[in-house]
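What follows is calculated from the coordinates using simple rules that are stated; it is not laboratory data. Note that the structure is a prediction, hence the values are computed from the model and not measured. Every residue, glycine among them, receives a Cβ derived from its backbone with ideal geometry; neighbour counts consider all protein chains shown.
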Amino acid sequence: MSLANWSGHGAIVTGGASGLGAATAERLAADGLKVAVFDLNETAGRAHAQKIGGHYVRVDVSDPASVAEGIEEATQALTMPRVLVNCAGIGGAAKTVSRGMPHDPALFEKVIKVNLFGTFNCASQFAAKVASAEPIDTDGARGVVVNTASVAAFDGQIGQLAYSASKGGIVGMTLPMARDLADKGIRVCTIAPGLFLTPLLQDLPEDVQASLGAQVPFPSRLGDPAEYADMVSQITRNPMLNGEVIRLDGAIRMAPR
């Protein structure tokens, strides 16, 4: 059976103005999809959408109303979205207890709200929209959701309590979400990237970047966001990839610190 062909259909990439999201938006556009870039950074979002021939929408993924409005705008501006890639996310370093003080609950809540709740918001509302669309093939395929976790979901380091919890939640949603949406022809997969050259790491000195890359068994370097985008493209095209969490990490297993 041939690979699924989403060319000409719509796609949404959250956090699509930079890093993994920007590379993914560019790759999906190259695959022939009409891409909506969801991001809070209007300047970068509009510039990247223009570069790839897509459409920018200012969306706060942690706000259900903002997500609903964004999906509707993307549908009206482009076409029915068939692919959703959730790349929007934030960090936040804090120990469970530090200098006698407990972890700031507001920070924990914020990270969970953006990373986990934001992923849920976008995936559930996207799926509700796509469920009414016509299938594109004889399998009954209607859409694909690709979520972004992290190796921190499995190998959380010291100070990554909130971040690891948020990414672990995304891992935990993958299979039940795929099962929930199976009868609607919507597949769900999650990518758990390791050390990638995202804006956060790009700000570090080159020797620090090299040191981090050397921790990766093979290839011993930081991942290129284009390699993440390649995996997204493969997931969208391969009908048998469903309900799976894929570590994209060069075989790294993170040390405690």
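Assorted remarks:
- Cα convex hull volume per residue for the stretch 123-181 (Å³): 81
- Pairs of Lys in the chain closer than 23 Å at Cα, counting only those 8 or more apart or on different chains: 10
- Under Karplus coefficients 6.51, -1.76 and 1.60, residue-wise ³J(HN,Hα) of the stretch 150-157 in Hz, glycine/proline x: 5, 4, 5, 5, 10, 10, x, 8
- Whole-angstrom gap from the stretch 116-144 to the stretch 42-65, using each part's C-alpha centre: 20
- Three-way shape label, the stretch 54-122, alpha-carbon gyration tensor, a/c 1.5: prolate
- Amide H to amide H distances under 5 Å link N147 with N86, C189, T190, I191, where only residues 5 or more positions off or on other chains count and H is placed in the peptide plane.
- Taking every alpha-carbon pair under 8 Å whose residues sit at least 6 apart, the chain reaches a relative contact order of 20 percent.
- The stretch 1-30 versus the stretch 162-203: alpha-carbon centroid distance in Å: 16
- A compact globular protein would have a Cα radius of gyration near 2.2 N^0.38 Å; the ratio found for the chain is 0.98.
- The order of the peptides 205-212, 56-63, 225-232, 168-175 by mean Cβ neighbours within 10 Å, most packed first, is 56-63, 225-232, 168-175, 205-212.
- Residue-averaged [θ]222 nm for the chain, counting only DSSP H segments that reach four residues, each worth -39500 (n - 2.57): -12500 deg cm²/dmol
- Once both labels are positioned 7 Å from their Cα atoms along Cα-to-Cβ, the gap between S220 and Q76 label points is 5.5 nm.
- Semi-axis lengths, largest first, of the ellipsoid equivalent to the stretch 8-127 are 30, 15, 11 Å, with √(5λ) applied to each eigenvalue of the Cα gyration tensor.
- Remark on I90: its backbone amide H falls under 5 Å from those of N115, a criterion applied only to residues 5 or more positions apart or on other chains, H modelled at 1.01 Å from N.
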